[in-house]
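Working notes, beginning with the structure itself.
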Amino acid sequence: MPFARVNPGDLIQAQNLDQLVDSLNGVSGKGIPVAETSVNDATNYALSVQNLEATNSRALNVLKSDGSLLIRADVNGVSLGAPLNPTAGSLQGTALQNGTVTNAKLASDTARLNLLTDGGFEVWSRGNGPFTANAAYTADRWAISLASSSMSVTRDTANAAVGSIACASCVYTHVTQGWLVQTPEVSGIAGRQVTLSMRVKTTTANAVRVYLNSGLLNTPAYSAYHSGGGTYETLSVSFTYPANETTVYVGVIFAASCTAYIDNAMLVVGSQAADYAPLHPADDLARCLRYYELLVAGSTSSLGVGQAANATQGIAYFSYLVSKAVTPTVTFAPSTTMAVTNAATTPISMTNVSAVTPNVRSTQVLCTVAGGLVAGNAILFQAASGQTASIGIEANP
């Protein structure tokens, strides 16, 4: 059956459309219906279209009901509308080129290296708090920073995020902005774009958000505020640091009086936030010990060994558990809690104790007593009988 041609500009009448519909439906005498066809070689496809105009090929254009793209095949290739729902295993071989997936296209649950120390707020080497003083360290490497506001930070296990042991409970009274801040070492951050994410819970809207700042630029980047909905929300922010950056600030900023719970912080390279991935406890502790350790010894327990210089002084020595980031400050408990032994191993109470030439791995200790030592004899530096002696080694770059 021949079709009646409709020329450009002609009005299309119902019979012109009906002849196409009848043909497709297989109406007797009006055409051959489109039906399943057996095809078994390279040339006999069920449908094959070739446009001889190589620079102007428009083979297929399928639109959704709203006019947006579903499928298009033209000289530029094949374009697909959204959503694209490939079945499992449908992208085979080299369909996805190596190195083409950017950080921005990764999901937050893709494991990445956390550049923070004690991001999970699990290690509290200085105790459980409350910590209230400006510049006081709370959980390891997390310090309070205040101008005229006040804040109390304690270790909290009742309000920890899912999968976490502890969080930081921050009771904040606002006058001007306050912070809970960490200053990571910049070796892995300078010159890079990084993203901070943190879990925060509070019932006060527009009170808490997280931030990144540069010591060189001093142009903070902020996340959105917590909604105040009383549940944990993930707040995140990205920042690109100068190549010559020397100081990096990471943390939580408080803009209104509130009680907030802070947990599971991640600082990762790239523009995409990452879900918190806990370190093994041994690795977590080792990171913290790089900056602070507390050496504690009970009654007569050894702290170090050394040699008497004269009747009233001796030099002892001890190594740290972990090498420190910078030369540390060594702080001793009262000298009355410590003693040195004489040649007969009898403890002699100390009158003074101080660090001598500490370095990143160890320190010497000048031990002073009223008398009873012999020059050249070995001494044992220890806790006094019935006392608990402690030494704090702190290295905050």
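Exactly one residue among Thr154, Thr132 is among the polar types (S, T, N, Q), at pLDDT 95 or above and assigned by TED's automatic domain parsing to the domain that holds Ser257, and that residue is Thr154. Of all residues in region 78-94, those being small (Gly, Ala, Ser), surrounded by fewer than 10 Cβ atoms within 10 Å (Cβ to Cβ) and modelled with pLDDT of 85 or more number 1. Of the candidates Val330, Val305, Val268, the single residue that is under 30 Å from Asn103 (Cβ atoms) and assigned to a strand (DSSP E or B) is Val268.
When region 197-210 is limited to residues that are surrounded by 21 or more Cβ atoms within 10 Å (Cβ to Cβ) and of a type outside the set (Val, Ile, Thr), the one that is farthest from Thr231 (Cα to Cα) turns out to be Ser197.
Residue-level check: of (1) under 17 Å from Trp179 (Cβ atoms); (2) of a type in the set (Gly, Ala, Ser); (3) in a strand (DSSP E or B), Ser236 misses just (1).
For region 94-112, the criterion of being part of a loop (DSSP other than H, G, I, E, B) and under 19 Å from Glu185 (Cα atoms) is met by at least one residue.
Scoring Ser152 on the criteria (1) in contact with a Phe, Trp or Tyr (Cβ under 8 Å, 6 or more places away or on another chain); (2) surrounded by fewer than 14 Cβ atoms within 10 Å (Cβ to Cβ) leaves a single failure, condition (2).
Please go through (1) closer than 9 Å to Phe381 by Cα; (2) of a type in the set (A, V, I, L, M); (3) surrounded by 19 or more Cβ atoms within 10 Å (Cβ to Cβ) for Ala308 and return the number of the only condition it doesn't satisfy. Ala308 satisfies all of (1) closer than 9 Å to Phe381 by Cα; (2) of a type in the set (A, V, I, L, M); (3) surrounded by 19 or more Cβ atoms within 10 Å (Cβ to Cβ) except (1).
Among the residues examined, Cys288 qualifies as on the phi < 0 side of the Ramachandran plot, assigned to a helix (DSSP H, G or I) and of a type in the set (A, V, I, L, M, F, W, C). With respect to the stated conditions, Leu321 is part of a loop (DSSP other than H, G, I, E, B), within 41 Å of the chain's Cα centre (by Cα) and closer than 21 Å to Thr388 by Cα.
Inside region 115-168, can you point out the residues that are outside any loop (DSSP other than H, G, I, E, B), within 15 Å of Ala260 (Cβ to Cβ) and within 19 Å of the chain's Cα centre (by Cα)? If the condition is that a residue be outside any loop (DSSP other than H, G, I, E, B), within 15 Å of Ala260 (Cβ to Cβ) and within 19 Å of the chain's Cα centre (by Cα), then Cys167, Ala168 are the ones that fit.
Only a single item in (1) touching a His at 6+ places or on another chain (Cβ under 6 Å); (2) not in a loop (DSSP other than H, G, I, E, B) is not met by Thr259, and it is number (1). Out of all the residues in region 193-206, is one or more part of a loop (DSSP other than H, G, I, E, B), touching a strand residue (DSSP E or B) at 6+ places or on another chain (Cβ under 9 Å), modelled with pLDDT under 95 and of a type in the set (Ser, Thr, Tyr)? No, there is no match, as no residue in region 193-206 is part of a loop (DSSP other than H, G, I, E, B), touching a strand residue (DSSP E or B) at 6+ places or on another chain (Cβ under 9 Å), modelled with pLDDT under 95 and of a type in the set (Ser, Thr, Tyr).
Of everything listed in (1) more than 15 Å from the chain's Cα centre (by Cα); (2) farther than 22 Å from Met350 by Cα; (3) crowded, with 16+ Cβ neighbours inside 10 Å, the single unmet condition for Arg287 is (1).
For Asp74, the conditions (1) touching a Pro at 6+ places or on another chain (Cβ under 8 Å); (2) farther than 30 Å from Tyr211 by Cα; (3) charged (D, E, K, R) are fulfilled apart from (1).
Listed by first and then second residue, the pairs with beta-carbon distance under 6 Å, at least 6 apart or on different chains, first residue in region 104-131 and farther than 15 Å from Ser238 by Cα, second of a type in the set (Ser, Thr, Tyr) and in a loop (DSSP other than H, G, I, E, B), are Gly120/Ser164; Phe131/Thr138.
When the residues of region 334-376 are filtered to those that are touching a residue at least 60 places away in the same chain (Cβ under 8 Å) and under 17 Å from Ile391 (Cβ atoms), the one that is surrounded by the most Cβ atoms within 10 Å (Cβ to Cβ) is Cys367.
The values are calculated or read from the model by the stated rules, or taken from the named source; none is laboratory data. Note that the coordinates shown come from a computational prediction; the quantities given were computed from them, not determined experimentally. Backbone-built Cβ (ideal geometry, glycine too); neighbour counts: all protein chains shown.
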